[in-house]
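Only one structure is covered here, and it is reproduced in the block below.
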Amino acid sequence: LPMLFGGETPVLTRLTLYNFARWHEGWDIGKNLTHLCLYDPPVRSRLQMSEFLALLAGCTRLEELVVVEAGPSTAQVSTFITSPDADPKTHIMLDMPHLRRLHLGNWGSPRIICGFLSHLVLPATTTMEIWGDVLFHSTETLFSLLPSSLSYLLPLHNLNAIHLKYRPTLKDAPQLFSVSNGVLVVHFYYIANTSSELLASVFNMLDVRCVRELTVGVGCEPDLTAGWWKDAFASMPKLSQLNIVRRR
């Protein structure tokens, strides 16, 4: 690509790459880039986390980032995924003030996604979409998907609606998680991997004080107790609409 562009991309704003093999070291593409979409590069040539962050750091005007089967290599995961606040001097934070859409699909593991998210500073207006079959195979999906500190992920602040649903059919896109304009939607695969701890984590991990609408379309084994539900509802003082769409 540097040869095709003569080493310069002064007016490039949108770049979509499929099966792209390798980034040329030192090639700065991001000066005016607003849309970057990466799809399915060879696994052996995917960037390390630090390289991936360095690439995005040069895209200061980025409005849309779509990364499908093209996340950072699983060989290197941030050691700060539990809490990016632990050592802010050494943990690289990537401020993306213009980002309107973050779309991550079919990454190698929830842990890689968590490590990547722990580096991001996102405005409240960003739409986040995360999906992939691998995310349904663990009973700890939400715990391993999101960093323990959500301080810099502003789309997850001031939520006004939460919808917990089953993935409708196997033919549908395997989306697990999305948040946009204060509305969080979490899809679960089937009841066997919807443990009570997993369902409870939605409320334990997030600030739900501003939630006005709650949809509970999933059950769990063992089922949550009446006492737990009382505590959950008490944490949502502004709840005005409750939708129960459970199978039993």
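The values are calculated or read from the model by the stated rules, or taken from the named source; none is laboratory data. Quick caveat: nothing in here was measured; it's all calculated off a predicted structure. When we count neighbours, we look across all protein chains shown, and the Cβ atoms used for this are built from the backbone with ideal geometry, even at glycine. Areas reflect the complete protein model, heavy atoms only, side chains present, ligands, DNA and RNA absent. Shrake-Rupley method; radii C 1.70, N 1.55, O 1.52, S 1.80 Å.
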For Val208, indicate whether it is in a loop (DSSP other than H, G, I, E, B), surrounded by 12 or more Cβ atoms within 10 Å (Cβ to Cβ), touching a Phe, Trp or Tyr at 6+ places or on another chain (Cβ under 7 Å) and of a type in the set (Val, Ile, Thr). no
Return the only residue of Leu12, Leu17 being part of a loop (DSSP other than H, G, I, E, B) and either more than 21 Å from Ser109 (Cβ to Cβ) or open to solvent by 80 Å² or more (accessible area, probe 1.4 Å) (or both). Leu12
Within the set of pairs 6 or more residues apart or between chains, which connect a residue that is under 8 Å from Met236 (Cβ atoms) and of a type outside the set (D, E, K, R) inside the stretch 207-225 to a residue that is in a loop (DSSP other than H, G, I, E, B) and open to solvent by 10 Å² or more (accessible area, probe 1.4 Å) with Cβ atoms less than 8 Å apart? Val208/Ser235; Val211/Asn160; Val211/Lys238; Val211/Leu239; Leu214/Leu239
Which number in (1) at pLDDT below 85; (2) in contact with a strand residue (DSSP E or B) (Cβ under 6 Å, 6 or more places away or on another chain) marks the one condition that Met93 misses? (1)
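Considering only residues that are part of a loop (DSSP other than H, G, I, E, B) and surrounded by 17 or more Cβ atoms within 10 Å (Cβ to Cβ), look in the stretch 175-189 and name the one that is modelled with the highest pLDDT.
Gly182
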Answer with yes or no whether His103 is in contact with a Cys (Cβ under 9 Å, 6 or more places away or on another chain) and modelled with pLDDT of 85 or more. yes
Just to verify a result, which residue in the stretch 215-238, among those that are open to solvent by less than 50 Å² (accessible area, probe 1.4 Å) and aliphatic (A, V, I, L, M), is farthest from Leu184 (Cα to Cα)? Leu224
Counting just the residues of the stretch 28-55 that are among the hydroxyl-bearing types (Ser, Thr, Tyr) and under 19 Å from the mean Cα position of the chain (by Cα), which one comes out surrounded by the most Cβ atoms within 10 Å (Cβ to Cβ)? Tyr39
Selection from the stretch 213-248 of residues touching a helix residue (DSSP H, G or I) at 6+ places or on another chain (Cβ under 9 Å) and modelled with pLDDT of 90 or more yields Leu214, Ser235, Met236, Leu239, Leu242
